[in-house]
């Protein structure tokens, strides 16, 4: 389903959205609890802005969560076609310039 685009890969933006939507009645209450502005949260979730790791960690700690590093899973692996393209060695042929005139 990932290959067809029907399902997106998990992301920290999606994780934050899930926490905000499932643990809080409104995004406003989530923002008040985390110290993030509603404007910043909206831009961050839409992918228009970034949060620094420090800001994200501080916001999450206020509500009992932490930023962490997880091992790769099969969901984050590239499709076989993309792996084949990236794993093949580059061509050793050099292009030659044509002389004009």
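All of the numbers you see were taken from the coordinates with simple rules; none came from a lab. The structure presented is a predicted model; accordingly, all values stated were derived computationally and were not measured. When we count neighbours, we look across all protein chains shown, and the Cβ atoms used for this are built from the backbone with ideal geometry, even at glycine.
Show me 32-45, 59-72 ranked by packing, highest mean number of other Cβ atoms within 10 Å first.
32-45, 59-72
Looking only at the range 35-60, which residues have a backbone nitrogen under 17 Å from a spot 7 Å from the Cα of residue 29 in the C-beta direction?
Output list for this probe position: 35-36, 38.
Principal axis extents for the range 1-62, Cα atoms only, whole Å, descending order, please.
38, 25, 20
Over the range 1-62, calculate the relative contact order: mean separation of alpha carbon pairs under 8 Å at least 6 apart, over the residue count, as a percent.
Relative contact order here is 25 percent.
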